[in-house]
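Shown next, in structure tokens, is the structure this report addresses.
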Amino acid sequence: MSQQPAPVVSFDDEPLILVDSEDNVLGYRAKAEAHRGDGVLHRAFSIFLFDDDDNVWLQQRAPGKQLWGGFWSNSCCSHPRRGESVDDAAARRLYEELGVNADLAFLYRFEYHARFGDIGAEHELCSVYIARSSAPLAVNPNEISACRAIAPDTLDAELANNPDAYTPWLKLEWPRIRDAHWAAVEAC
């Protein structure tokens, strides 16, 4: 039995939405260019997908990623496309990367900047979502090299003991979810 090749869902020339700190659109720039040097502020999103046992799904980013390939990160993260709302983009990408349709709950938006050596940087105005699903995952290997469900307390300990294995945005988002938004996680 042959398996269909995984779809390519991310492109270096895909235009990202450039914004200011107030989320006003300033223009568009190809994804690869927007991440070079210090990066240019653009819209992004992060999703934390929980299973029925309150474990959170983590992904190990595919090694071919421009930034932080091979690092562990939250369940799904990406950018909305030109003309696409952040909510619609998050739902689309959750399905493209993990094969999951789930109701997303918006938690908060924040701006961050993180350099990846001499290669480039993330400079994002990032909307953070949570979702819950018991559906089996269908991982897209073009985006993800491994996936695992992990107990929240275990993730807390791993971030304290081995932070260099994780993406910078996960290290910013997870503590804020645990401190300020855990009731929303339990309710979703």
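The values are calculated or read from the model by the stated rules, or taken from the named source; none is laboratory data. If you're wondering where the values come from, they're calculated on a predicted model, not measured in any experiment. Cβ placement follows ideal geometry from the backbone for every residue including glycine, while neighbour counts extend to all protein chains displayed.
Inspect segment 129-140 for any residue being in a loop (DSSP other than H, G, I, E, B), under 16 Å from residue 46 (Cα atoms) and modelled with pLDDT under 95 and give the result as yes or no. The answer is no; no qualifying residue exists.
In segment 153-170 there is no residue matching the filter, namely being within 13 Å of residue 58 (Cβ to Cβ), among the charged types (D, E, K, R) and in contact (Cβ under 8 Å) with a residue 24 or more places away in the chain. For segment 151-182, filtering for residues that are in contact with a Ser or Thr (Cβ under 8 Å, 6 or more places away or on another chain) and more than 17 Å from residue 76 (Cβ to Cβ) leaves 0. Do we find that residue 157 is of a type in the set (Gly, Ala, Ser) and touching a strand residue (DSSP E or B) at 6+ places or on another chain (Cβ under 9 Å) in this structure? Criteria not met by residue 157. Within segment 64-85, the set of residues being closer than 21 Å to residue 25 by Cβ and more than 12 Å from the chain's Cα centre (by Cα) comprises 81, 82, 83, 84, 85. Based on this model, can you work out whether residue 40 counts as surrounded by 15 or more Cβ atoms within 10 Å (Cβ to Cβ) and modelled with pLDDT of 95 or more? Yes; evaluated as a whole, the condition is true for this residue. Of the residues making up segment 166-185, one or more are touching a Phe, Trp or Tyr at 6+ places or on another chain (Cβ under 9 Å), surrounded by 19 or more Cβ atoms within 10 Å (Cβ to Cβ), in a helix (DSSP H, G or I) and among the aromatic types (Phe, Trp, Tyr).
Among the residues of segment 77-98, the ones that are out of contact with any Lys or Arg (no Cβ under 8 Å at 6 or more places or on another chain), small (Gly, Ala, Ser) and modelled with pLDDT of 95 or more come to 3 in all. When segment 89-123 is filtered for residues that are in contact with a Ser or Thr (Cβ under 9 Å, 6 or more places away or on another chain), in contact (Cβ under 8 Å) with a residue 60 or more places away in the chain and either within 15 Å of residue 34 (Cβ to Cβ) or among the small types (Gly, Ala, Ser) (or both), the ones remaining, listed by number, are 111, 122.
The residues listed here are 149, 114; of these, the one that is at pLDDT 95 or above, in a strand (DSSP E or B) and in contact with a Pro (Cβ under 7 Å, 6 or more places away or on another chain) is 114.
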